[in-house]
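The values are calculated or read from the model by the stated rules, or taken from the named source; none is laboratory data. These figures come from a predicted structure and were not determined experimentally. Positions of Cβ are generated from backbone atoms using ideal geometry, with glycine treated the same way; all protein chains shown enter the neighbour counts.
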There are 2 protein chains.
Amino acid sequence: MEMSKIGNFSEWYQTVLFDAGIVDIRYPVKGMPVYMPWGFQSLDYMFSFLEKLLDETGHQKMLFPVAIPESTFSKETEHIKGFEDEVLWITHGGLAPLEERLVLRPTSETAMYPMFALWARSHADLPIKIYQTTSVYRHETKATRPLIRGREVYWNEAHTSHATLDEAAQNVEEAIKIYSEFYKALCIPFVVIKRPEFDKFAGALYTYAFDTVMPDGRTLQIATAHNLGDNFAKAYDVKYSTETGEQRYACQTSYGISMRGLAAVISIHGDEKGLKLPFEIAPVQIVFVPIYSKDNNAAVDAVLRPVYESLRTLYRCRYDDSRKRPGEKYYFWELKGVPLRIEAGMRDLSEGKVTLVDRNGTKKQVAIAGIADEIPRAVDAYHKKLYADAKAFFDRHQFTANTVKELREMMDEYRGMIRIGWCGSMECAEELDKLEVGKILGYEKGNAKKRKCIICGRDGDEVIISKSY
Amino acid sequence: MEMSKIGNFSEWYQTVLFDAGIVDIRYPVKGMPVYMPWGFQSLDYMFSFLEKLLDETGHQKMLFPVAIPESTFSKETEHIKGFEDEVLWITHGGLAPLEERLVLRPTSETAMYPMFALWARSHADLPIKIYQTTSVYRHETKATRPLIRGREVYWNEAHTSHATLDEAAQNVEEAIKIYSEFYKALCIPFVVIKRPEFDKFAGALYTYAFDTVMPDGRTLQIATAHNLGDNFAKAYDVKYSTETGEQRYACQTSYGISMRGLAAVISIHGDEKGLKLPFEIAPVQIVFVPIYSKDNNAAVDAVLRPVYESLRTLYRCRYDDSRKRPGEKYYFWELKGVPLRIEAGMRDLSEGKVTLVDRNGTKKQVAIAGIADEIPRAVDAYHKKLYADAKAFFDRHQFTANTVKELREMMDEYRGMIRIGWCGSMECAEELDKLEVGKILGYEKGNAKKRKCIICGRDGDEVIISKSY
């Protein structure tokens, strides 16, 4: 492809998803694309990396059923109110109606917590920290967009139970640390934002979200973490006996990252040539391109293949000895976003050298003898530039507005994240809504700045407003 | 636990699934158990191993949607007839009925092949060889049994398209080779059986199945591979142009292994103490049990922990320094089926030795200096005995019957797989059905033996009959 994403993001995105083999949206159910091999494998490596971080912090991998009985689903009243308009219902088995309708999980609190009630008997059973990587389902009526908004959402959701509210709160902080590390490895800049009351997760005490800025200046929510307090514990009877034998409700948290993580990676790092995948998630991390001339294929392979063989015990490598010209191979693997390319013809090889090129275009001649040491350095440099470029774009889309006029102008001209003052009232939030300048994302974590409300002028807090996906 | 599985299999199975933390069947939807951490991780490693074999043979990992529109699902008439009684239907989104009902995939032929039709344009696009590891759904009305028969079936399904019927047939042979290697690594004996016409997959030309014998003498189908010919290609218009420009239908195959693989492993290898997991799928492959005495914990750990640290870069290891007595730890990790245990107290350690015990009870003193070399040998010996024990049981349940009287006696007394003659007619199959001596599994692959039909006495083939899950 040869298409700039700036000024043309939506078309660029659709094109790169198809051309690079990420998803095929021609499947006959709206909002349920097919994950193509390159796309699914990237997603799979992305979630494997997240799972590693979760494993290291004492979370256990499990799998819960997809279907939740209506009576179970309806127990937490806030939660069901938040979801009843958008769940999919299983009503028939074979030719007959089911005795009880089943919900396709839109998220798994109501599938998991009745089981937590069986497992959390005593304080010694806590904390429970588990996760699953699977799909959840929403009957989206808005326009769907692959990897961003769909009816089948592939994600990783973690759920925990704790003895006290304080431990639950600490666990939310841990989740934020894990997710920060995750997005750092993907070179994605973000802010952590506490959602306003009206936008928190249905049934939660409070919700933190990770937001990033997409190439069109709109923000994308790429993770959430909720402190559920004992709301769900009360609905599902998740009780334990304390050391003194008292019965107490557990306090719970839930947090998740979806395929939107991959949407962010594709959108933020991609360029006119295609994808730029972070090393951790690339299905092929290093591609070898032998440069043949005058039927010297065997001679080139004789030197270059052993280099490939030695590196493929450490990394996901591909040796591209197809009949295409080198330029065509470069084009193909650049479209796919492979982080590193090792290319070499006979002259280089006879001098004991290869050329190491990263997807940012940085080239370097490297001695074959030193190649194994060179890879981590090259990965590091590649990631530093990915992040620097992404952060520069992100920073250029951070603004502060003092008046509605400024806010309007900024939103028209630049989009991005705009800091304003807000008194916290629903009236002023609704007033902002009417202006169609975006929605209030909430309070940036760690930013306690006080500011006058941009609408009513009363005392308030600094919040971030944006147009969002 | 302390319970023999022989003569008591059903109770033993339920107990070990719960006690070892494989599944929890208290979830409020029949036939949809919760996979507990130890169970799901075993399953996950099992499928990762299968995926490795599929990757090595040119299959690509993908993910298709769970929902199939009714009109798409109904296109292949044999297939829909085979499944319409047992699919689950999604009929409502939110509070309103959907425009078109959706089937929860009972298997993915009808989800995948409309997409194959878009991808297979020319002979150069073939073969297509893909797979996914995910859940499929059946509205089972028979009694469900965890990991064996349920409404949510976690499995790996592979699907291929080929230019010719001959290539499709060869691919079925390749699938049989892959699955043979898979079950060999799990130390599970099996026979490969061509199903009779009346029991082949709905829409297939022919079906091969892998069957094994469970501890109660009933057989369990643990894999299937189907040659679909061009039946589905015609229904879904999977056409390609040949080198001469002619339009031709592709020939397809599909094959799958479900969580039943884990059911077989648990049932066939387990004993009165609990599980015996093959090394490849054990969430913990080697457990370290330090034997403390007289507050010498630090001294023991100082020598044993470095051994653990060196091995855990190669294997999934756990260092159990909990406050339990060594005997309790042995009991716990034996229940879990951990293949190898390394135990050592100060006396051993001061002589530079540890004791290596496998889950079959084989013990050996090993020098710490040589431990890394010893592990592969110990794994090999452990697997050899697992397989030898399983094979001995399997062989004791292979019989031949010449008369209905013999067949009846064998089925009453021993169960297992019984070889009889069958003329191939539906009349005689129905006559056998009425005797309630089991069902005809089909023709053992590679066995072309001719035998007189046990019912009518006409010429026929040797087939295997059994009571099955």
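A few points about this structure:
- All conditions in (1) touching a residue at least 60 places away in the same chain (Cβ under 8 Å); (2) under 23 Å from the mean Cα position of the chain (by Cα) hold for B:E86, with the sole exception of (1).
- Boolean, B:A124 is over 20 Å from B:G229 (Cβ atoms), more than 9 Å from every other protein chain (Cβ to nearest Cβ) and assigned to a loop (DSSP other than H, G, I, E, B): no
- Residue in segment B:137-168 that is surrounded by the fewest Cβ atoms within 10 Å (Cβ to Cβ), counting only those that are small (G, A, S) and touching a strand residue (DSSP E or B) at 6+ places or on another chain (Cβ under 6 Å): B:A168
- Segment A:15-39: number of residues that are closer than 19 Å to A:V265 by Cβ and surrounded by fewer than 14 Cβ atoms within 10 Å (Cβ to Cβ): 0
- Residue satisfying all of: in segment B:127-138; of a type outside the set (D, E, K, R) and within 17 Å of B:L54 (Cβ to Cβ); farthest from the other protein chains (Cβ to nearest Cβ) among these: B:P127
- Residue among B:L147, B:L118, B:L165 that is more than 14 Å from chain A (Cβ to nearest Cβ) and farther than 17 Å from B:L54 by Cβ: B:L165
- One residue from A:T107, A:T141 being part of a loop (DSSP other than H, G, I, E, B), within 9 Å of another protein chain (Cβ to nearest Cβ) and closer than 30 Å to A:G21 by Cα: A:T141
- Residue in segment A:262-279 that is in the same structural domain as A:Q41 (by TED's automatic domain parsing), touching a strand residue (DSSP E or B) at 6+ places or on another chain (Cβ under 6 Å), closer than 30 Å to A:S180 by Cα and modelled with pLDDT of 95 or more present: yes
- Here A:L349 passes the criteria (1) in contact (Cβ under 8 Å) with a residue 60 or more places away in the chain; (2) buried (at least 18 other Cβ atoms within 10 Å of the Cβ); (3) closer than 22 Å to A:V300 by Cα except the one numbered (1).
- Verdict on B:V23 being within 13 Å of chain A (Cβ to nearest Cβ), among the β-branched types (V, I, T) and touching a helix residue (DSSP H, G or I) at 6+ places or on another chain (Cβ under 6 Å): yes
- Filter result for A:L102 (under 22 Å from B:V136 (Cβ atoms), in a strand (DSSP E or B) and out of contact with any Pro (no Cβ under 8 Å at 6 or more places or on another chain)): no
- The residues of segment A:348-364 that are of a type outside the set (A, V, I, L, M) and not in a helix (DSSP H, G or I), listed by number, are A:E351, A:G352, A:K353, A:T355, A:D358, A:R359, A:N360, A:G361, A:T362, A:K363, A:K364.
- Subset of segment B:93-127 that is among the acidic types (D, E) and in contact with a strand residue (DSSP E or B) (Cβ under 8 Å, 6 or more places away or on another chain) - its residue that is surrounded by the fewest Cβ atoms within 10 Å (Cβ to Cβ): B:E100
- Any chance A:I68 is at pLDDT 95 or above and more than 22 Å from the chain's Cα centre (by Cα): yes
- Members of segment A:283-310 that are assigned to a helix (DSSP H, G or I) and either touching a strand residue (DSSP E or B) at 6+ places or on another chain (Cβ under 8 Å) or of a type in the set (K, R) (or both): A:N297, A:V300, A:D301, A:V303, A:L304, A:R305, A:V307, A:Y308
- Highlighted here are the strands (runs of 3 or more DSSP E) found entirely within segment A:365-469 that include at least 1 residues which are in contact (Cβ under 8 Å) with a residue 60 or more places away in the chain, touching a strand residue (DSSP E or B) at 6+ places or on another chain (Cβ under 8 Å) and buried (at least 20 other Cβ atoms within 10 Å of the Cβ): A:417-422, A:439-444, A:459-466.
- Answer residue from segment A:2-17, given it is more than 30 Å from A:Y255 (Cα to Cα) and modelled with pLDDT of 95 or more and is nearest to the other protein chains (Cβ to nearest Cβ) among those: A:T15
- Annotation note: of B:V16, B:V66, the sole residue that is in contact with a strand residue (DSSP E or B) (Cβ under 8 Å, 6 or more places away or on another chain) and over 23 Å from B:E109 (Cβ atoms) is B:V16.
- Filter result for the condition that a residue is assigned by TED's automatic domain parsing to the domain that holds A:A117 and within 15 Å of A:I257 (Cβ to Cβ), over A:A168, A:A185, A:A143, A:A163: A:A185
A quick yes/no check of all residues on (1) under 22 Å from A:I176 (Cα atoms); (2) among the charged types (D, E, K, R):
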{"site": "A:Y414", "(1), (2)": "no, no"}
{"site": "A:I420", "(1), (2)": "no, no"}
{"site": "A:C423", "(1), (2)": "no, no"}
{"site": "A:C428", "(1), (2)": "no, no"}
{"site": "A:G438", "(1), (2)": "no, no"}
{"site": "A:K449", "(1), (2)": "yes, yes"}
{"site": "A:C456", "(1), (2)": "no, no"}
{"site": "A:K467", "(1), (2)": "no, yes"}
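- Cβ-Cβ distances below 8 Å connect the following pairs, each with a first residue in segment B:108-132 that is among the charged types (D, E, K, R), a second residue that is crowded, with 21+ Cβ neighbours inside 10 Å and part of a helix (DSSP H, G or I), and a separation of six or more residues or different chains: B:E109/B:H79; B:E109/B:F232; B:K129/B:N171.
- Test result for A:V366, at pLDDT below 95 and outside the structural domain of A:M214 (by TED's automatic domain parsing): no
- Residue in segment B:69-92 that is on the phi > 0 side of the Ramachandran plot and in the same structural domain as B:L186 (by TED's automatic domain parsing) present: no
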